[in-house]
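Input: a single structure, listed below in structure tokens.
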Amino acid sequence: MRIAFIGLGNMGSGMCANLVKAGHQVTAFDLNAEAVSAATKAGASAATSIAKAVLGAEAVVTMLPAGKHVLSVYFDAHGVASKAEAGTLFLDCSTIAVEDARTASNKAAELGFEMADAPVSGGVAAASGGTLTFMVGGTESAFARAKPILEAMGKTIVHAGAAGNGQVAKIANNMLLGISMIATCEAFDLAERLGLDAQTFFDISSKASGQNWSMTSYCPAPGPVPTAPSNRDYEPGFAVDMMLKDLRLAAGAAKSADANTRFGTLATEVYEKLSENGFGNKDFSVIMQHLGE
Ligand code: NAD
């Protein structure tokens, strides 16, 4: 399939390379010329503008920083929608506000294009390894068209429902993760202060009702999970600033839906403090070292 890929950053570069590997003809564009050049080394063709990237494309995949970039790339005067051929599928994999995803999908539909939001779970390693999880919002038809493209970049592809629901799944999941990491840190700290070492507490709690992903895959106390960032001075992993971005999106969405997310708000404050104190690039499990601050 002929695919235009726009946004070749930390995540997009690996995803673009995997589309090429799967046999697609990919034309790549980014504002950063070095990123485009790296994509050509992975087998994509270079484009010097959005217009040139989408020329003849059957699908456009975007992986951009935030909603404003997505709306601009698709709907500005010289954006994707003004240049794409009728029937081109729009597939945005960025993490953006639910409202922005729904606005984009509606605008695309008004112009006669199908669009799906397909944010990812998994970081840079999963993007280059082709093992991302995609949560997809859009019509049945958009999902059916998106699935074979996403399968080249990920392992698990789930249809979450109508447009925007991919972003709903992403922010609700990450709000849960942000909160559960803090709770896990508090539990390890409490156990240790009361005389129970991290390994013994892990052996018990990972088999008991407190078990959760933050404990068993990303244990914030060094030792019990050798691959966790806590064993390499909390190098990410999943950076505090990335978690903060997702929690802020969740807070905005909660407000619009009148949802009570009290612990989500508290978690946002905790990660904000970490970021302000210079730990924005550390793994989000670094809270373990800053409880009570
Ligand atoms: P990044 O900043 O590394 O890459 C974004 C790329 O978009 C950059 O290369 C930038 O030059 C390009 N870009 C920006 N505006 C553009 C425009 N108008 N036209 C063309 N290119 C443009 O970001 P990333 O880490 O790759 O993240 C991308 C998205 O994926 C974000 O929404 C992020 O929240 C989400 N995400 C990231 C991770 C992660 O671990 N990095 C994990 C899950 C989801």
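The values are calculated or read from the model by the stated rules, or taken from the named source; none is laboratory data. On a predicted model such as this, the values are computed, not experimentally measured, just so you know. Methodologically, a virtual Cβ is constructed for each residue, glycine included, from the backbone with ideal geometry; neighbour enumeration extends over all protein chains shown.
Some points to look at:
- The set of residues in region 140-180 being among the polar types (S, T, N, Q) and either in contact with a Ser or Thr (Cβ under 9 Å, 6 or more places away or on another chain) or buried (at least 24 other Cβ atoms within 10 Å of the Cβ) (or both) consists of THR156, GLN167, ASN173, ASN174, SER180.
- Subset of region 47-73 (residues that are near the ligand (Cβ under 10 Å from one of its atoms), free of Cβ contacts under 8 Å to residues at least 60 places away in the same chain, under 22 Å from GLN25 (Cβ atoms) and assigned to a helix (DSSP H, G or I)): ILE50, ALA53
- Restricting attention to region 10-35, the residues that are within 26 Å of ALA239 (Cβ to Cβ) and either among the basic types (Lys, Arg) or assigned to a loop (DSSP other than H, G, I, E, B) (or both) total 5.
- Count - residues of region 81-122 that are within 15 Å of LEU64 (Cα to Cα) and either surrounded by fewer than 18 Cβ atoms within 10 Å (Cβ to Cβ) or among the basic types (Lys, Arg) (or both): 0
- Only one of the listed residues (LEU19, LEU64, LEU8) is at pLDDT 95 or above, in contact with an Asp or Glu (Cβ under 6 Å, 6 or more places away or on another chain) and buried (at least 19 other Cβ atoms within 10 Å of the Cβ). That residue is LEU8.
- Filter result for ALA208 (among the aliphatic types (A, V, I, L, M) and in the same structural domain as CYS93 (by TED's automatic domain parsing)): no
- Within region 261-274, residues that are farther than 15 Å from THR184 by Cβ sit with their Cβ atoms under 8 Å from residues that are surrounded by fewer than 21 Cβ atoms within 10 Å (Cβ to Cβ) and modelled with pLDDT under 95, at 6+ positions apart or across chains, in these pairs: LYS273/GLU293.
- Answer from SER105, SER82 - the residue that is over 18 Å from the mean Cα position of the chain (by Cα), assigned to a helix (DSSP H, G or I) and within 16 Å of the ligand (Cβ to nearest atom): SER82
- Selected residue [in contact with an Asp or Glu (Cβ under 7 Å, 6 or more places away or on another chain) and of a type outside the set (Asp, Glu)] from LEU132, LEU89: LEU89
- Region 188-277 holds helices (runs of 4 or more DSSP H) entirely within its bounds, and those carrying 3 or more residues that are surrounded by fewer than 20 Cβ atoms within 10 Å (Cβ to Cβ) map to 198-205, 240-257, 262-274.
- Subset of region 123-136 [near the ligand (Cβ under 8 Å from one of its atoms) and surrounded by fewer than 19 Cβ atoms within 10 Å (Cβ to Cβ)]: GLY123, VAL124
- Considering only residues in region 85-102 that are of a type in the set (A, V, I, L, M) and more than 20 Å from ARG145 (Cβ to Cβ), the one that is nearest to the ligand (Cβ to nearest atom) turns out to be ILE96.
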